[in-house]
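Down below is the structure, laid out as structure tokens.
The values are calculated or read from the model by the stated rules, or taken from the named source; none is laboratory data. Just so it is clear, the structure is predicted and the values come from calculations on it, not from any experiment. Please note: Cβ atoms are built from the backbone with ideal geometry, for glycine as well, and neighbour counts cover all protein chains shown.
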Amino acid sequence: MFIDHAVIEVKAGTGGAGSNAFRREKGVPRGGPAGGDGGKGGDVLLKADAQLTTLLDYSYRRHYKADRGKHGGGKNQTGRSGEDLILKVPRGTVVFDVDSGDPLGELLEDGEHLIIASGGRGGRGNTHFKTPTRQAPRHWEAGEDGEERRIRLELKLIADVGLVGEPNAGKSTFLATVTDARPKVADYPFTTLEPNLGVVRLRDFQSFVIADIPGIIEGAHQGRGLGHKFLRHIERTRTLALMIPVDTENIQQAFQALRAELEAYSPELATAPFCVVLTKTDLLPPDAELPKFQAQGAWAVFGVSSSTNRGLDDFLTALWKASRPSEEPTGDEGDQAWVP
């Protein structure tokens, strides 16, 4: 099950209390205070794990608490600090404080960590309260409480290319053809119910990641259909591929509808580089030209067929170039060959 959001409550460990102790040594009368400090409470951390792809674990359990620090001891012994609680999340997880709404950070790289609740400081023992006029203090401090927070976790998949299109636009078929991903493919709308990731491998060890999300229909930004729930998963992509079947009755209208939904959802997403892909070109007569339409703002227009592999080499090569940080998206053909 793909779960991309969760709300949990975390509490860092309370610090240990300081000790009220005195030296008791043979031959040392009036030894004085010797109470050690309490240990620090454990922190609560989030850690990115490349092996995870969903927040499913956090839908079963909501409350998490780190260990408290141990109390100080005699002979100025400091209590042991509480163990940190490490919660593993997928790469691409964004963290928010539920009560304030403030973002706390995001985890993008494997092993990256973020402290979301700090453990309480340990209390001071009576040793710290000795003064020239107060040789035997019996005062000590309790440990401080650890931070307590309600946290909202949101997962945004990390991919180089995002596929956008209406239901039955051929996105899942394309993903299954060019990657090892196995999304559900059928001849009815909304076959895709959750995002899918796939890795395209070109020759010379060059590869990039594609994200496929459920189909976008008109009014998706207002809650219609499924795609609006998953649009955030393509916000990190370097380029978008707007996929439109070549047998669509009005390709121009379909293109404008997709662009309008992206802009309505997020102005930033609407400014992302994009190309247009006319799918199912095997439905056209041999040697037929692609239908003409105005693809304003697109860096290229492609025609592909996932069933016959027509146009896939050129398209995937262009996507690889567009997904490179140092490359500007172009429609120029390259010499990279796709490895099926």
Can you name every residue in the stretch 122-153 that is surrounded by fewer than 24 Cβ atoms within 10 Å (Cβ to Cβ) and either touching a helix residue (DSSP H, G or I) at 6+ places or on another chain (Cβ under 7 Å) or without any contact (Cβ under 8 Å) to a residue 24 or more places away in the chain (or both)?
THR131, PRO132, THR133, ARG134, PRO137, ARG138, HIS139, LEU153
For GLY119, all conditions in the list (1) modelled with pLDDT of 95 or more; (2) within 26 Å of the chain's Cα centre (by Cα); (3) part of a loop (DSSP other than H, G, I, E, B); (4) surrounded by fewer than 18 Cβ atoms within 10 Å (Cβ to Cβ) hold save one; what is the number of the exception?
(4)
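In the stretch 100-116, what count of residues is obtained for those that are free of Cβ contacts under 8 Å to residues at least 60 places away in the same chain and assigned to a strand (DSSP E or B)? Steps first, answer last, please.
The initial filter retains those residues of the stretch 100-116 that are free of Cβ contacts under 8 Å to residues at least 60 places away in the same chain, namely 100-106.
Within this subset, residues satisfying the condition of being assigned to a strand (DSSP E or B) are 103-106.
Residues that pass the stated criteria total 4.
Hey, could you check the stretch 258-283 for residues that are of a type in the set (S, T, N, Q) and either under 14 Å from ARG232 (Cβ atoms) or touching a residue at least 40 places away in the same chain (Cβ under 8 Å) (or both) and say which is surrounded by the fewest Cβ atoms within 10 Å (Cβ to Cβ)? Break it down stepwise before answering.
The first filter runs over the stretch 258-283 and keeps only residues of a type in the set (S, T, N, Q), leaving 266, 271, 279, 281.
Subset that is either under 14 Å from ARG232 (Cβ atoms) or touching a residue at least 40 places away in the same chain (Cβ under 8 Å) (or both): 266, 279.
Working: SER266: 15, THR279: 27.
Checked the stretch 258-283; the qualifying residue surrounded by the fewest Cβ atoms within 10 Å (Cβ to Cβ) is SER266.
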For the structure I just gave you, tell me whether ASP49 is of a type in the set (D, E, K, R) and surrounded by 23 or more Cβ atoms within 10 Å (Cβ to Cβ).
no
Are there any pairs, at least 6 apart or on different chains, whose C-beta atoms fall under 8 Å, with the first in the stretch 1-30 and at pLDDT below 95 and the second in a loop (DSSP other than H, G, I, E, B) and β-branched (Val, Ile, Thr), and if so, which?
MET1/THR54; PHE2/THR53; PHE2/THR54; ILE3/THR54; ASP4/THR54
State all residues of the stretch 66-83 that are under 16 Å from LYS11 (Cα atoms) and surrounded by 18 or more Cβ atoms within 10 Å (Cβ to Cβ); if no residue qualifies, say none.
ALA66, ASP67, ARG68, GLY69, SER81, GLY82
In the stretch 38-92, how many are within 28 Å of ALA211 (Cβ to Cβ), without any contact (Cβ under 8 Å) to a residue 60 or more places away in the chain, hydroxyl-bearing (Ser, Thr, Tyr) and assigned to a loop (DSSP other than H, G, I, E, B)?
1
All positions within the stretch 122-139 that are touching a Phe, Trp or Tyr at 6+ places or on another chain (Cβ under 8 Å) and either of a type in the set (Asp, Glu) or part of a loop (DSSP other than H, G, I, E, B) (or both):
GLY123, ARG124, GLY125, ALA136, PRO137, HIS139
